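The next block holds one structure in the form of C-alpha cells; read it before the comments.
The values are calculated or read from the model by the stated rules, or taken from the named source; none is laboratory data. As the structure is a computational prediction, the values presented were derived from the model and not from experiment. For neighbour counting, all protein chains shown are included, and Cβ atoms are generated from backbone atoms with ideal geometry for every residue, glycine included.
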Amino acid sequence: MNPLLSLALLIHFSTHFYGHCTTDKLQLGAQVTLVVPGLYITGFIARAFVLETTQPVPTFRAGLTVEAIEEKYVCSFDVFLGDFRVWSSSHFSPFFTSEKCVIRLTWDGDLLLTGHGDIMGWRTATFGQGIKRLQLSNIGNLVLVDEFNIIKWQSFHFPTNVMLWGQRLDVGTKLTSFPKNSNSFYSFEILRDRLTLYLNSGKFKYSYWEFNPSDLQNISFINLASNGLQVFNDDSHKIAQIPSKRLQLLRFLAIENTTGNLGFYYYTTNATKFEPSFEAIKNKCDQPYFCKVNEICTIDKCSLLEIKGYSGNFCGNFAVDMKEIKGVTSVLRDENKITNTTKETCVSSCIEDCTCVGALFTSVNGECNLYGKIMGVKEVSFSEEVSFLVKVLKGGKKGNGLKKWQLVLIVVGDGIVLFVCLGGFGYYMLWKKRKEANNN
C-alpha cells in the first residue's frame, strides 16, 4: 500500500479513536496499552476505556488517553462522566511519552502509568498494602481496595478542578484549574471562615469571589447535593447552602479553565450535554481574565487602559510616582492586603515594592490591595469610595534612583576623602622640607 495512503487512513481513523472493552473492576496483573503515533497529528485523541459503571446514562468510565498537545503526546489515566473529564492523572503534571501509553496494576498492588522504555509517568504507590483490585464506584470514585473491600487509595483524595455529586471536601482542600498558555492558575479553596475563588499569579494571590456562612460558624467540610452545595460545621450540622437555580439533579461542580468561573452542572437528556444551573460570576467584567493585562472592561467590552509613564517593570533605578485613575476599580483583592491604613501608606507600600505596579485603596475600611499586574480592571460609577492607583515613571523618564539624603552623603563623603588626601600630601611636603633643613 502507498505510504501516503496509509498515513491518510491512520489520520482518518485515529484522530478520534475510542476503544470500548469495559468491566466493573480490574484484577492484579491487568494491563492495557495504547499505541502512540510515530508522527505528530494535530487534534489526535485516542482513548481505551477499561472500567464503566452501571447507572443510567451518562455513566462513569475510566481508561487511558493519548492526546496531542503542543507538538507532544500526553499519556494519562482518566475518569469521565459521559464525555466530560472529571478526574485525570495528568492534571498537575502532564506525562509526555512516545511509542506507547500503558496502565498496569502490578501483582503487589501498585497502579502504574508508563511509557516508552517503561518510563514512569504516574503511580499510586500502594504496593505492599494488600490491594486486590481496582474499581470505579457509581459516584465516580476510582478506588483500590483490599480483600475486605477496604479502600486503600481513592481519586476523591486527589481532586482536580471537579467536585462530583456525593463527594465531600474537607477544610483546607482546594480545586485547581490551569488556563492554557498562562503561568497563572485558578483555585477554589475551602477555608475555615469562607469559600473563595483565587487567581494565583507569581507571589500574588487574588480573590475574586467569596461565600461566607451567615452565622459566622467555622467550616469543617462541604458536600455537593442534588439541589446545591452544602456547608457543614465541626458538629456535621449544615450551616449554609449555595442553592441550585434549577430543579434538575446536579452532577458536578467545576472551575472553568478559561474564565475561572465556578459552576454547578446538570445533565439535559434533550440536548445530551451538561449545562450550568448556577454560576458564581454572572457578569463578564467580573471575570479576572475576561480582558487582557492593561485593559479595562466596560459593559462586557475591553479597551486598552492607556497610562502615560507606565512601563510594567520598575525593578531598577527608577524615580516613580503613583497616578490615580478615576472611575476604575479591580475585581481582584490581594490575599495579603493591608487593612486599617491610609491612602498615603498604601501609595508608599507600592512604591517601595518594585514588583508592585498598582494599588487599590478603599477609604470606607482603609483597605489597601497591591497588584503585580494591571488586570481584572473594570469601570465603575462610584469613585469616591475607591482610588485605583497605577505606578508610573516620574516625568515619564528614567531617574537616577537617588534620594536627597543619599546625594548629601555622597557629596560629604567625597569632600572628606578629598580633604584627607590634600591634607596628607601637604603634611608630607612640610615634613620633607624640615628633614632636608635639618640635614643641611
With the requirement that a residue be under 17 Å from the mean Cα position of the chain (by Cα) and surrounded by fewer than 18 Cβ atoms within 10 Å (Cβ to Cβ), what does segment 257-282 give you? 257, 258
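Quick test for you: out of 364, 347, pick the one residue that is farther than 18 Å from residue 206 by Cβ, among the aliphatic types (A, V, I, L, M) and part of a loop (DSSP other than H, G, I, E, B).
Result: 364 is the single residue among 364, 347 that is farther than 18 Å from residue 206 by Cβ, among the aliphatic types (A, V, I, L, M) and part of a loop (DSSP other than H, G, I, E, B).
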Within segment 168-224, considering only strands (runs of 3 or more DSSP E) that don't extend past its boundaries, which have at least 3 residues that are surrounded by 17 or more Cβ atoms within 10 Å (Cβ to Cβ) and touching a strand residue (DSSP E or B) at 6+ places or on another chain (Cβ under 7 Å)? 174-177, 185-190, 195-201, 204-211
Consider residue 300 carefully, then state whether it is closer than 23 Å to residue 380 by Cα and modelled with pLDDT under 90. yes
Look through segment 301-351, keep the residues that are hydroxyl-bearing (Ser, Thr, Tyr) and surrounded by fewer than 17 Cβ atoms within 10 Å (Cβ to Cβ), and return whichever of them is nearest to residue 393 (Cα to Cα). 311
Given segment 40-94, what strands (runs of 3 or more DSSP E) lie entirely inside it while holding 1 or more residues that are more than 18 Å from residue 26 (Cα to Cα) and of a type in the set (Asp, Glu)? 60-69
Does residue 87 satisfy being modelled with pLDDT of 95 or more and in contact with a Pro (Cβ under 9 Å, 6 or more places away or on another chain)? yes
Please specify each residue of segment 140-167 satisfying the condition of being crowded, with 16+ Cβ neighbours inside 10 Å and among the aliphatic types (A, V, I, L, M). 142, 143, 144, 145, 162, 163, 164
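With respect to residue 40, determine if the residue is within 29 Å of the chain's Cα centre (by Cα), surrounded by fewer than 18 Cβ atoms within 10 Å (Cβ to Cβ) and hydroxyl-bearing (Ser, Thr, Tyr).
Details: within 29 Å of the chain's Cα centre (by Cα): yes; surrounded by fewer than 18 Cβ atoms within 10 Å (Cβ to Cβ): yes; hydroxyl-bearing (Ser, Thr, Tyr): yes.
Against the criterion (within 29 Å of the chain's Cα centre (by Cα), surrounded by fewer than 18 Cβ atoms within 10 Å (Cβ to Cβ) and hydroxyl-bearing (Ser, Thr, Tyr)), residue 40 qualifies.
Which residues, taken from segment 323-344, are touching a helix residue (DSSP H, G or I) at 6+ places or on another chain (Cβ under 7 Å) and either assigned to a loop (DSSP other than H, G, I, E, B) or under 23 Å from residue 305 (Cβ atoms) (or both)?
331 - this is the single residue of segment 323-344 that is touching a helix residue (DSSP H, G or I) at 6+ places or on another chain (Cβ under 7 Å) and either assigned to a loop (DSSP other than H, G, I, E, B) or under 23 Å from residue 305 (Cβ atoms) (or both).
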